[in-house]
Amino acid sequence: MPLYKHNNETTPLHLASAKGHLSICWILILSNENSLDAIDKYGNTPLHSAASNGRHEVLSCFLLFGADWTKVNVYRLTALQVAMNEITRNVLRNFAGKEPFSIMDKTKNQQKQRHAYNDREDSITQITNGNPTTGKEDDAINLQRMVEDGEKFGLRADVLDRAREFIYWIQVQMEILKYMDQLRDAAPTITREGLDLVTVIQSYLLAVDEERVTEIPPHISQMLVQTHEICKRSISEYELHKTCRRLAGIPCASESDRTMINALESIMDVVRDRDGDEEMLSMATKLLAKLNAELALTKSKDETQEIRLPVLGMTPKEAKSYWQADDVGHIQRTIEYPFPPAGGYIWIKSISLDKLEAAVAQLQDRIQQATDCSGNPDLIADANVRLDSERINLDLLVEKNNNDKNAGIADAEKAVRKARRKKKNGSSNKS
């Protein structure tokens with residue numbers, strides 16, 4: 001293959017060696033081994049260019065491929081004599097006392113180096129064609145060594161970049177697995193230290209997302225999503241634990257605690273949606289039931305029933321102006337009235353009695369709920385006192401209702417007798 005030369009008769013290999021582009025030098029040599037013997041108009045070989053620019057790695061590559069270190073330029077100078085620094089000179093001195101390669105030895109050495117180059121590239125490619133999620137920490141370490149060796153050997157940049165990316169994702173996987181294990185060990189998250197761990201993990205996940213320059217492998221992406229979810233669950237568990245501790249310190253719930261109690265319900269929903277710790281949710285559920293029972297009982301206990309009660313010694317005239325429509329029951333006016341329907345008269349209790357019966361039943365139920373939830377004992381005791389008082393009032397209204405019912409039925413029966421007499425008298429007049 002003919003060599004391309006610039007105006008000063010430098011070849012691409014001259015230029016690459018002067019700049020220290022090792023991987024390009026390898027490609028050029030592998031495509032044409034004779035390029036090592038090319039000279040520019042000053043008689044410099046690529047070995048001269050590498051030496052004069054201090055490119056010792058390129059220099060070693062050329063020597064391994066059988067470059068002739070004894071060649072002189074037009075100024076009668078060898079590569080050793082134009083070497084830029086001591087490192088470059090030491091590389092050349094290792095060959096200075098030896099005879100140049102024979103054509104046969106040079107050919108064998110070039111084949112050997114070609115195979116060595118290809119073997120290194122194939123070894124890295126074979127690994128990086130796999131799945132990084134199956135890699136282990138030792139794989140990353142071994143591959144890193146291969147990359148470092150490949151850099152010295154001048155392997156192609158795309159091969160090395162792919163290997164570095166592969167190493168990066170193995171390391172990401174190892175780090176995520178480590179963090180996930182730590183989160184599981186710390187679960188449920190109830191301490192500040194546990195929350196700090198979550199913060200560290202979230203920062204790492206954010207850094208992975210921001211710093212990546214290639215598409216995330218599917219398995220790694222799934223791990224990242226799972227870890228994000230575990231972090232969110234841990235944060236919600238911490239918030240639930242903190243809220244429960246604050247509310248558990250309240251002797252008895254009041255309306256001033258309503259905002260925090262509502263927050264507890266919301267946090268419980270979040271923890272439940274994120275499959276949070278069942279034991280923590282169970283404790284929070286019991287606490288919430290206790291708090292709500294205390295709020296409901298306090299409300300029932302403090303509610304004032306605007307109900308009129310019987311007054312001893314009240315005259316009928318006074319009673320007529322005292323009792324209101326809601327306080328008096330009545331017979332349901334059917335089509336037969338004043339005659340009773342087939343099943344007898346239907347008595348409708350007073351609205352006041354209905355209200356008091358409902359209030360007593362509600363107070364009784366809420367006392368029981370608060371007792372079942374281990375509510376505040378003082379509140380339960382006060383509510384029982386109120387319940388006893390309301391039961392006494394209820395007994396008075398029940399007695400009044402019975403009296404009203406008896407009186408109402410008596411009035412209806414009186415009206416029936418009057419209607420029958422009137423009917424009878426009418427029939428006699430016609431006769």
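The values are calculated or read from the model by the stated rules, or taken from the named source; none is laboratory data. This structure is a prediction, so every number in the text was calculated from the model and none was measured. For neighbour counting, all protein chains shown are included, and Cβ atoms are generated from backbone atoms with ideal geometry for every residue, glycine included.
With the requirement that a residue be aliphatic (A, V, I, L, M), surrounded by 14 or more Cβ atoms within 10 Å (Cβ to Cβ) and either in a helix (DSSP H, G or I) or without any contact (Cβ under 8 Å) to a residue 12 or more places away in the chain (or both), what does the stretch 134-156 give you?
Those that are aliphatic (A, V, I, L, M), surrounded by 14 or more Cβ atoms within 10 Å (Cβ to Cβ) and either in a helix (DSSP H, G or I) or without any contact (Cβ under 8 Å) to a residue 12 or more places away in the chain (or both): A140, L143, M146, V147.
Among the numbered criteria (1) of a type in the set (A, V, I, L, M); (2) in contact with a His (Cβ under 8 Å, 6 or more places away or on another chain); (3) free of Cβ contacts under 8 Å to residues at least 24 places away in the same chain, which single criterion is violated by A207?
Here A207 meets the rest and fails (2).
Quick check on this structure: which one of G329, G313 is touching a Phe, Trp or Tyr at 6+ places or on another chain (Cβ under 7 Å), farther than 30 Å from A248 by Cβ and not hydroxyl-bearing (S, T, Y)?
Of the residues listed, the single one that is touching a Phe, Trp or Tyr at 6+ places or on another chain (Cβ under 7 Å), farther than 30 Å from A248 by Cβ and not hydroxyl-bearing (S, T, Y) is G329.
Against the definition (closer than 30 Å to A186 by Cβ, within 34 Å of the chain's Cα centre (by Cα) and of a type in the set (K, R)), how does R245 come out, yes or no?
yes
Right, M283: among the aliphatic types (A, V, I, L, M), surrounded by 11 or more Cβ atoms within 10 Å (Cβ to Cβ), out of contact with any helix residue (DSSP H, G or I) (no Cβ under 6 Å at 6 or more places or on another chain) and outside the structural domain of T371 (by TED's automatic domain parsing) or not?
So M283 fits the description; yes.
Check the stretch 168-182 and report whether any residue there is outside the structural domain of E211 (by TED's automatic domain parsing), among the basic types (K, R) and farther than 30 Å from Q113 by Cα.
Within the stretch 168-182, one or more residues are outside the structural domain of E211 (by TED's automatic domain parsing), among the basic types (K, R) and farther than 30 Å from Q113 by Cα.
Tell me, which residue of the stretch 373-390 that is touching a residue at least 24 places away in the same chain (Cβ under 8 Å) and surrounded by fewer than 14 Cβ atoms within 10 Å (Cβ to Cβ) is nearest to L353 (Cα to Cα)?
Per the criteria, the residue is D378.
Pick from E210, E237: which is assigned to a helix (DSSP H, G or I) and surrounded by 17 or more Cβ atoms within 10 Å (Cβ to Cβ)?
Answer to the check: E237.
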